[in-house]
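The values are calculated or read from the model by the stated rules, or taken from the named source; none is laboratory data. Computed from a prediction, not measured in an experiment: that's the story for all the values here. Ideal geometry is used to build each Cβ from the backbone, glycine not excepted, and the neighbour counts take in all protein chains shown. Quick note on the areas: whole protein, heavy atoms, side chains included, nothing else; ligands and nucleic acids left out. Shrake-Rupley method; radii C 1.70, N 1.55, O 1.52, S 1.80 Å.
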Amino acid sequence: AEYMGFFDKAGREVTLRPEMTPTLARLVLQDPKLAMPIKWYSIPQCWRYERMTRGRRREHYQWNCDILGEPWVSAEAELLATIVTFFKEIGLTAADVGIRVNSRKVLQKVLEPLGVTPDKFKPVVVIVDKLDKLPESEIVAQLTALGLEPAVRDAILSTLGLKSLDALAAIIGEDSEPVVELRALFALCEAYGISDFIVFDASVVRGLAYYTGVVFEGFDRKGELRAICGGGRYDDLMDKTFGARQKIPAVGFGFGDCVVVELLKDKGLLPTLQFKVDALVVATVESARPQALAVVARLRAAGFAVDTFLKEKIKLDKAFAHADRAGAARVVLVNPEQFAAGVIRVKNLRKEETAADKQVDIPLADLEAYLRSPQ
């Protein structure tokens, strides 16, 4: 992704925020006394200068969750459980979506004996992250351009094709660090009850250079959309990039709004959000408008969603039409004589016209209790 950068009127080069990780780093570094582990989330607006396609926009909102201060994969398991909980809350099942999990350490373990140095490993990751976007021949060409021998290229491609931990263990050893960590992570996911969503996939490496361990990304089972969300462990970022005095292990994910909305549309799960208020408060005559506004303020302070009729000239037929458009269940009518006597009138719009309680006069002191009662 490219930054949405430009020059301001003073000639300074600036960019619109592409992500929240630097902001999180500053937040943590400002208060070294923060108790670890830290669980942090945000839903910022982000911008990236990208080619717009289905599920990809230059401006979007992104839900971020990060855990700082915990080096064990229990933090990854907690975040994966968070994602799955959200999937379930919006009606998506394990038949609809899943989360592919891998570790950057897998490819490192394979390539280190073949002489791939750390300075070459990062560009390798950037290239293989494009495996689902480019033909294999193009991936091979880019790896060759890095100066990698055919044996190294073959090792990379064969490793990326692994789809089970048993197959991985057969290559790099059951006691190797990435296998031990991934086994522990999958056991924790089983304890959380989310195993049906979680799959091992060695082709998942994530393109960002700062990831150091476990990486993961959400996907739709039909394979029609790009990644729904993605994240991973970044244990070296806080100290090496942002200047923390000591290493702060961290793991997090970003979950944009664009792809999941497309998926919900496809599944018929995108809710239709309707404007709805508890009541419309309207004065029966212009002289009662101050009292009506006092009722509005009182009900809002009590937690009710309340609208009022803003037209300069009050016409009750138009007020009732406005209440219907607003989805108001009740209309509170403020009559100056009744108000002076401590009484207020409520019309229940959802009741039949012949209902005895279609319109009731109640003590003003009881208004909140009446509005909370079922219709």
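Checking residue 304 against (1) in contact with a helix residue (DSSP H, G or I) (Cβ under 9 Å, 6 or more places away or on another chain); (2) surrounded by 20 or more Cβ atoms within 10 Å (Cβ to Cβ): exactly one of these is not met. Which one?
(2)
Filter region 202-218 down to the residues that are open to solvent by 10 Å² or more (accessible area, probe 1.4 Å) and in contact with a strand residue (DSSP E or B) (Cβ under 6 Å, 6 or more places away or on another chain), then identify the one that is modelled with the highest pLDDT.
The qualifying residue modelled with the highest pLDDT is 217.
Contact list please: Cβ distance under 8 Å, first residue in region 336-347 and in a loop (DSSP other than H, G, I, E, B), second residue among the small types (Gly, Ala, Ser), pairs at least six apart or on different chains.
342/365
Residues checked against (1) open to solvent by 30 Å² or more (accessible area, probe 1.4 Å); (2) more than 22 Å from residue 65 (Cβ to Cβ); (3) not small (Gly, Ala, Ser):
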position: 170; (1), (2), (3): yes, yes, no
position: 175; (1), (2), (3): yes, yes, yes
position: 178; (1), (2), (3): no, yes, yes
position: 185; (1), (2), (3): no, no, yes
position: 194; (1), (2), (3): no, no, yes
position: 229; (1), (2), (3): no, no, yes
position: 244; (1), (2), (3): no, no, no
position: 252; (1), (2), (3): no, no, no
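Tell me whether region 162-175 contains one or more residues that are within 28 Å of the chain's Cα centre (by Cα), modelled with pLDDT of 90 or more and not in a loop (DSSP other than H, G, I, E, B).
Within region 162-175, not a single residue is within 28 Å of the chain's Cα centre (by Cα), modelled with pLDDT of 90 or more and not in a loop (DSSP other than H, G, I, E, B).
Where the second residue is surrounded by 13 or more Cβ atoms within 10 Å (Cβ to Cβ) and in a loop (DSSP other than H, G, I, E, B) and the first is at pLDDT 90 or above and of a type in the set (D, E, K, R) and lies in region 292-318, which pairs have Cβ atoms under 6 Å and are six or more apart or on separate chains?
Close Cβ pairs satisfying both conditions: 307/277.
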